[in-house]
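J.: I'd like to ask you about the structure that follows.
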Amino acid sequence: MTYVSESFWHDAVNKATTDLFTFGYKHIVKPHFVFNHTPDVAHDQMIEFCRVTRNIPPLMWLLREMLDYTDPVLETTVMGVDFANPFGLSAGLDKNCDMPVLLDHAGFGFETIGSVTSRPCAGNPRPWFHRLPEYDSMMVHVGLANDGSERVIPRAEKAWTQAGSMQVSISIARTNDELAGDIDEGIEDYRISLERAAGRSAMVEVNVSCPNTRAGEPFTESPENLDRLFAALDTVERPQPTLVKMPLNKSWEEFRDLLAVLAEHNVQGVSIANLQKDRTGLEIPRDWEGGLSGGPTYRASNAMIRRAYREFGDRLAIAGIGGVFTPEQAYAKIRSGSSLVMFVSALMYRGPQQITVFKRGLAELLRRDGFEHVADAVGVDA
Ligand SMILES: Cc1cc2nc3c(=O)[nH]c(=O)nc-3n(C[C@H](O)[C@H](O)[C@H](O)COP(=O)(O)O)c2cc1C
């Protein structure tokens, strides 16, 4: 009896503090500290904020007290890795490993660090971002700026071993600089970073679908190139499972052929998918370069997830990504076949408490539909 009433009060307080956070982010932080700067400046300030606050333990404690929400229905094991919940930060926001302390205290199930490349990389000329709030989207043209896998991976390992319950994934990509050469050079670039990542994170993600680089996307242009890449990566011994970050703008036939190649290699899962290149029906200035995050990715990624689950669900785990802003949208990704759900845009547009909104909402939806564990709902609509 006492236990029930204690958990009732804890739950009520957690809900109230999450609502307070939502209100504060929408009416104070977003208009006065984020949207009053260009998105490039706001992004840099957000990273700086994480760097400073991670060294203030009382603040991190308060964050956990206010936001943390755990529920056994959300616990899951995917590719042999245990997660407190299926929600993770997708690659790209925490390129250099500045955010794990904050995300761990906010209650993320996992985060993806990177994408990192074998050489440090300055990325594309600024601006890297344009906001498209009317589409809940960000135009992204970063071009894989990062400090390099040699420096970032040890930071990721430290973050992983020090995290309370959060798992850490490392995304590796090919260096986007003037030294980028032929296919073999690209393969060697990935191999170096994978070797550095071996055994130093819960998962590793191979990003073969960055739309904003001078070398393009040769490894998803043909199944043969992808096969060559993964034949080389198979030689790198690693204990952790490997995900592959897939492109969004492929026909199903092309996508299926790529998945068929991956199924032949040391790959345990696929992240579906990267940024949207198709601007059809969207009013976007022509001179804005890059790929679209958020809203414009939602339907296309769900469709790919469903088909991928139907044909490869017994071989490859799926991490669903793209346009998740509500618990219902996360649930749809899971019912379409995703064992894990990642997001970036919701964090930028809605704030850090969104993780609690997702967890609480998903737990309610699962219980409403009679599921005891999130894993039971994976693929039921596929
Ligand atoms: C600011 C930003 C940077 C990104 N950089 C990367 C990256 O380095 N590597 C990668 O695999 N995906 C990157 N992405 C793509 C995201 O991981 C994700 O696939 C995409 O944004 C769709 O998710 P969302 O709708 O929740 O934003 C980036 C996205 C954003 C918004």
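Computed from the coordinates by the stated procedures, all read-outs in this text should not be read as laboratory data. Here the structure is a predicted model, which is why all the values come from computation and not from measurement. Note that we place each Cβ from the backbone using ideal geometry, even for glycine, and neighbour counts take in every protein chain shown.
J.: Which of the residue pairs K15/K277; K245/K359; K30/K95; K250/K333; K95/K333; K26/K158 have a Cα-Cα distance greater than 27 Å in the structure shown? Don't skip to the end; give the middle numbers.
T.: Details: K15/K277 37 Å; K245/K359 24 Å; K30/K95 22 Å; K250/K333 19 Å; K95/K333 25 Å; K26/K158 33 Å.
Correct reply: K15/K277; K26/K158.
J.: Residue by residue, what Karplus-based ³J(HN,Hα) values in Hz, rounded to whole numbers, does the stretch 337-354 have, using 6.51, -1.76 and 1.60 with θ = phi - 60° and x for Gly and Pro?
T.: Rounded to whole hertz, the list is x, 8, 7, 10, 10, 10, 8, 10, 4, 4, 5, 6, 8, 10, x, x, 6, 4.
J.: Where the centre of each part is set by its Cα atoms, how far does the stretch 147-179 sit from the stretch 249-270, in angstrom?
T.: Cα centroid to Cα centroid, the span is 24 Å.
J.: To the nearest 20 Debye, how big is the dipole of the stretch 111-235 about its Cα centre, given +1 on the beta carbon of each Lys and Arg and -1 on that of each Asp and Glu? Don't jump to the answer; show the numbers that get you there.
T.: Working: 12 positive and 20 negative charges, 122 e Å.
It comes to approximately 580 debye.
J.: Relative to the present Cα-Cα distance, how much length would full extension add between D182 and E134 at 0.36 nm per residue of separation? Don't skip to the end; give the middle numbers.
T.: Numbers: separation 48, 0.36 × 48 = 17.28 nm, distance 3.98 nm.
Extra length from D182 to E134 when fully extended: 13.3 nm.
J.: A further question on this structure: Using only the alpha-carbon atoms, how far is helix 2-24 inclined from the longest principal axis of the chain? Give it as 0 to 90 degrees, nearest 10.
T.: The two axes meet at around 60 degrees.
J.: When only Cα pairs under 8 Å and 6 or more residues apart are kept, what is the percent relative contact order across the chain? Could the numbers behind the result be given before it?
T.: Numbers: 758 pairs, mean separation 64.6, N = 382.
It rounds to 17 percent for the chain.
J.: Express as a percent, rounded to the nearest 5, the fraction of DSSP beta bridges in the chain (both residues included) that run antiparallel. Write out the running numbers ahead of the final one.
T.: Numbers: 11 of 39 bridges.
Looking only at bridges with both residues in the chain, the antiparallel portion is about 30 percent.
J.: Which whole-Hz couplings ³J(HN,Hα) result when phi for each residue of the stretch 321-333 is put into the Karplus expression 6.51 cos²θ - 1.76 cosθ + 1.60, θ = phi - 60°, listed in order with x for Gly and Pro?
T.: Result, rounded to whole Hz: 9, x, x, 8, 10, 9, x, 4, 5, 5, 4, 4, 4.
J.: Kindly provide the pair-distance distribution of the stretch 181-330 built from C-alpha pairs, with 10 Å bins from 0 and whole-percent values in order of increasing distance.
T.: Taking every Cα pair in the stretch 181-330, the percentages come to 10, 39, 36, 13, 1.
J.: Related question: Measuring from label point to label point, each 7 Å out along Cα→Cβ, what is the S251 to E237 span in nm?
T.: Roughly 4.3 nm, to one decimal.
J.: Looking at the stretch 1-102, I'd like the Rg to Rh ratio, where Rg is from alpha-carbon atoms and Rh is Kirkwood's inverse mean 1/r. Provide the component values of the computation, followed by the final result.
T.: Working: Rg = 16.7 Å, Rh = 16.3 Å.
Reported Rg/Rh, Kirkwood definition of Rh: 1.02.
J.: Name the residue from F23, N36, L59 whose Cα lies farthest towards the positive end of the charge dipole of the stretch 1-136, charges +1 on Cβ of Lys and Arg and -1 on Cβ of Asp and Glu.
T.: N36
J.: Take H265 and E65, extend 7 Å from each Cα along the Cα→Cβ direction, and tell me the distance between the two endpoints in nm.
T.: Those two pseudo-labels are separated by 4.8 nm.
J.: I'd like the projected area of the chain, averaged over all directions, using the convex hull of its alpha carbons. Report it in nm² with one decimal.
T.: Its Cα hull, projected and averaged over all orientations, spans 18.1 nm².
J.: Explain nothing, just the number: dipole magnitude of the stretch 3-71 about its Cα centre with +1 on each Lys and Arg Cβ and -1 on each Asp and Glu Cβ, in debye rounded to the nearest 20.
T.: Values: 6 positive and 9 negative charges, 40 e Å.
With only Lys, Arg, Asp and Glu charged at Cβ, the dipole is about 200 debye.
J.: What nm value, rounded to one decimal, do you get for the distance between H27 and Q162 when each label is placed 7 Å out toward the C-beta?
T.: Once both label points are built, they end up 3.6 nm from each other.
J.: If you put +1 on each Lys and Arg Cβ and -1 on each Asp and Glu Cβ, how big is the dipole of the chain around its Cα centre, in Debye rounded to 20? Before the final figure, lay out the partial values.
T.: Working: 38 positive and 51 negative charges, 161 e Å.
Dipole size: approximately 780 debye.
J.: Quick check on the exposure proxy: order H265, H10 from fewest to most C-beta atoms within 10 angstrom. Kindly include the intermediate steps, with their values, before the conclusion.
T.: Working: H265 16, H10 12.
Ascending Cβ contact count within 10 Å gives the list H10, H265.
J.: While we're on this one: Please give the direction-averaged projected area of the C-alpha convex hull for the stretch 265-382, in square nanometres with one decimal.
T.: Working: hull surface 34.5 nm².
Result: 8.6 nm².
J.: Now for a different question. Rg/Rh for the stretch 126-167 to two decimals, with Rh computed the Kirkwood way over all alpha-carbon pairs.
T.: My calculation puts Rg/Rh at 1.19.
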